[in-house]
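The values are calculated or read from the model by the stated rules, or taken from the named source; none is laboratory data. As the structure is a computational prediction, the values presented were derived from the model and not from experiment. Backbone-built Cβ (ideal geometry, glycine too); neighbour counts: all protein chains shown. With ligands, DNA and RNA removed, areas are computed over all heavy atoms of the protein, side chains included. Shrake-Rupley method; radii C 1.70, N 1.55, O 1.52, S 1.80 Å.
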2 protein chains.
Amino acid sequence: MAEPRICSIDGKLTEEFAIPSHVEEVKEKMAAFARFHAEAGRRVVLITSGGTKVPLESRTVRFLDNFSSGRRGAASAEYFIDSGYAVIFLHRHHSLYPYTRMFVTINMLDALQFMGGGEGAAGNGAEVVVNQQVLPNIAKVLKRYQEVKDGGLLLPIEFNTLSEYLHLLKAAAQALNSIGSKAMFYLAAAVSDFYIPTSEMPEHKIQSSNGPLQLSMKMVPKILSPLVKDWAPQAFVTSFKLETDASILLDKARGALDTYRHQAVVANVLDSRRGYVVVVTPETQAELILSKEDVKKEVEIEERIVSNLTSEHSKFMTQAASAK
Amino acid sequence: MAEPRICSIDGKLTEEFAIPSHVEEVKEKMAAFARFHAEAGRRVVLITSGGTKVPLESRTVRFLDNFSSGRRGAASAEYFIDSGYAVIFLHRHHSLYPYTRMFVTINMLDALQFMGGGEGAAGNGAEVVVNQQVLPNIAKVLKRYQEVKDGGLLLPIEFNTLSEYLHLLKAAAQALNSIGSKAMFYLAAAVSDFYIPTSEMPEHKIQSSNGPLQLSMKMVPKILSPLVKDWAPQAFVTSFKLETDASILLDKARGALDTYRHQAVVANVLDSRRGYVVVVTPETQAELILSKEDVKKEVEIEERIVSNLTSEHSKFMTQAASAK
């Protein structure tokens, strides 16, 4: 009985969400990346990160957005790489990015100076250097960034709109299907639950002279369902649940696992998300908490989340192998 | 007869838009900046830049946004400074910023390298330099950035939400009122026309399980009206009109001038906004167009807009002086 619903999600995707022109090209790139790293003995994680943009007009001036800096996804990418994974980083354009995230709060021009420091040295062709008092970690971060780049361990893919996100995620799932249980999905992006179908969208900017705005938005198809059942049925899939009301959080997380039958939900509350999460699996429930001591040492909760999930992924792969 | 409506805009601002806690402090800073530069013989322009965020929930997960990278505001700030103005840059957090805007498309870590280039030099404490093949203009831009900073010619103020924007703009107008016709307002920000009053906003994240989303949004008060009449009646005020439909653009621009009685409207169409605008004043209408030759030479339309408006501002100041 589930078949028609799944078909209809696929159908809806094609009909109501514009297909990005580069989706096949990106899919081939992701498939090659996954094959290469799987053959080299690495696992591959697809991280989604940042919020989605939902246009209200086809020549878009206004859009609905979801709060997300992309911090969790960008930080997690680094820890997955440190744990031996290759990472496909499917992220919102201009959201936080692995490694560069560390100095996004600084105006880069405040961190640069002319060699020797003096204004006299400021002619064209003068050497421009980083002031390491402003960016004390820059040498370490740059070194790691270059290693990761040279190793080809990070494949960045960008999206902007909800439509791009949905189609690129589908393409990623199909691309990673070939490496079976070695693939993990880490769906940290903050995806809109609502949208306006292309057919119902006004072409031009909505005029404020027409009075107050009445918006009627449809529900976005639950793409987790075909992802788990059809597109990448052998992969380890982690979804995220963010709420502002802590009292409904764990029920929501369990509910999602019951509905979609995937492997893990990272449950978190908006206000405490940087110091507390619960990783919920069908059999377990692990609370991850940063202590004051951890915070002082600048430990990040993403290190704990990634450590927990890589263990779960190992067990999952062992079970998958023994089931063969 | 206009009095009650103006009162009600001020009343609405206080009642329905949360007042940022730092607004008085920022107002004092802007007033001191304006006084200092006016005494030094400079004109002062208040530039607004970037889109506004309109929360749909009070613990905000979702929001309505307006498309705007902040490019026009950031570029214009540079040309105003080059024309002898001091600039208050009231911009959306993380929108494009003067000078740094030039390399925002580049991952900064791709533009840095260890001194000498070799990996061997990459220890901690190693000098990190800018690769000027990746950023060929960096020395010139850094030099200009440092001059502007040393001269105290740029005062950046950030906003995120529509509420912050509205209250900070009001504060800016009141702060600049003391320098009379030497003040210009250049309202390039893409401000939402619609909002949900605090009193009607749900506290928690809207649940997608409740079905499709019906949003009813009120119209944002037209703040240009009290700005021109009450808050800074002697200033030169430029508003912007962006449309996607070119056929209604000029009527809209003239309509705005008739309604608000300010000095200029910069009218532009979404698709062509980087190469064509019309500056509309009560008496004139100037088409500014970049030729292919201009584009090749990397001339920016903002240079033309600023040049046009500084001339208009000069005339305006002369008239204001002779009217005394």
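Consider residue B:38 carefully, then state whether it is more than 14 Å from chain A (Cβ to nearest Cβ) and in a helix (DSSP H, G or I). Don't jump to the end; show me each part of the working.
Numbers: more than 14 Å from chain A (Cβ to nearest Cβ): yes; in a helix (DSSP H, G or I): yes.
So residue B:38 fits the description; yes.
Select from the range A:228-246 the residues that are within 10 Å of chain B (Cβ to nearest Cβ) and not acidic (Asp, Glu) and write down the one among them that is nearest to residue A:322 (Cα to Cα).
Going through the range A:228-246, the residues within 10 Å of chain B (Cβ to nearest Cβ) turn out to be A:242-245.
Checking the rest, the ones that are also not acidic (Asp, Glu) come to A:242, A:244.
Values: A:242: 34, A:244: 41 Å.
Checked the range A:228-246; the qualifying residue nearest to residue A:322 (Cα to Cα) is A:242.
Given the residues B:211, B:180, B:255, which is the only one that is in contact (Cβ under 8 Å) with a residue 12 or more places away in the chain and small (Gly, Ala, Ser)? Steps first, answer last, please.
Numbers: B:211 fails: in contact (Cβ under 8 Å) with a residue 12 or more places away in the chain; B:255 fails: in contact (Cβ under 8 Å) with a residue 12 or more places away in the chain.
Testing whether each residue is in contact (Cβ under 8 Å) with a residue 12 or more places away in the chain and small (Gly, Ala, Ser) leaves just B:180.
Would you say residue A:79 is open to solvent by 10 Å² or more (accessible area, probe 1.4 Å), away from every other protein chain (no Cβ under 12 Å) and either of a type in the set (Val, Ile, Thr) or not in a strand (DSSP E or B) (or both)? It would help to see each step written out before you state the result.
On the way: open to solvent by 10 Å² or more (accessible area, probe 1.4 Å): yes; away from every other protein chain (no Cβ under 12 Å): yes; either of a type in the set (Val, Ile, Thr) or not in a strand (DSSP E or B) (or both): yes.
Answer is yes for this residue.
Determine whether the range A:110-130 contains at least one residue that is over 30 Å from residue A:41 (Cβ atoms), open to solvent by 20 Å² or more (accessible area, probe 1.4 Å) and away from chain B (no Cβ under 12 Å).
The answer is no; no qualifying residue exists.
Test residue A:194 against the criterion of being within 14 Å of chain B (Cβ to nearest Cβ), of a type outside the set (Gly, Ala, Ser) and under 21 Å from the mean Cα position of the chain (by Cα), and give yes or no.
yes
Return yes or no: is residue A:236 touching a strand residue (DSSP E or B) at 6+ places or on another chain (Cβ under 8 Å), under 19 Å from residue A:180 (Cβ atoms), in contact (Cβ under 8 Å) with a residue 12 or more places away in the chain and not polar (S, T, N, Q)? Walk me through how you get there before you give the answer.
Working: touching a strand residue (DSSP E or B) at 6+ places or on another chain (Cβ under 8 Å): yes; under 19 Å from residue A:180 (Cβ atoms): yes; in contact (Cβ under 8 Å) with a residue 12 or more places away in the chain: yes; not polar (S, T, N, Q): yes.
Yes, satisfied.
From A:216, A:209, A:225, which residue is more than 12 Å from every other protein chain (Cβ to nearest Cβ) and either at pLDDT below 90 or assigned to a helix (DSSP H, G or I) (or both)? Let's see the steps before the verdict.
Working: A:216 fails: more than 12 Å from every other protein chain (Cβ to nearest Cβ); A:209 fails: more than 12 Å from every other protein chain (Cβ to nearest Cβ).
A:225 is the lone residue from the list that is more than 12 Å from every other protein chain (Cβ to nearest Cβ) and either at pLDDT below 90 or assigned to a helix (DSSP H, G or I) (or both).
Would you check which residues across the range A:236-287 are in a strand (DSSP E or B) and among the small types (Gly, Ala, Ser) and list them?
Taking the range A:236-287 as the starting set, the residues that turn out to be in a strand (DSSP E or B) are A:236-243, A:264-269, A:276-280, A:285-287.
Result: A:239, A:264, A:267, A:286.
Every residue, every condition in (1) open to solvent by less than 40 Å² (accessible area, probe 1.4 Å); (2) under 20 Å from residue B:85 (Cα atoms), yes or no:
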site	(1), (2)
B:96	yes, yes
B:105	no, no
B:108	yes, no
B:133	no, no
B:139	yes, no
B:142	yes, yes
B:149	no, yes
B:182	no, yes
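Does residue B:50 satisfy being touching a His at 6+ places or on another chain (Cβ under 8 Å) and closer than 30 Å to residue A:269 by Cα? Step through it out loud before you land on a result.
On the way: touching a His at 6+ places or on another chain (Cβ under 8 Å): yes; closer than 30 Å to residue A:269 by Cα: yes.
So residue B:50 fits the description; yes.
Consider residue A:155 carefully, then state whether it is assigned by TED's automatic domain parsing to the domain that holds residue A:35, modelled with pLDDT of 95 or more and not acidic (Asp, Glu).
Values: assigned by TED's automatic domain parsing to the domain that holds residue A:35: yes; modelled with pLDDT of 95 or more: yes; not acidic (Asp, Glu): yes.
Yes; evaluated as a whole, the condition is true for this residue.
Looking only at the range B:219-235, decide whether some residue is in contact with a Leu (Cβ under 8 Å, 6 or more places away or on another chain) and of a type in the set (D, E, K, R).
No, the range B:219-235 contains no residue that is in contact with a Leu (Cβ under 8 Å, 6 or more places away or on another chain) and of a type in the set (D, E, K, R).
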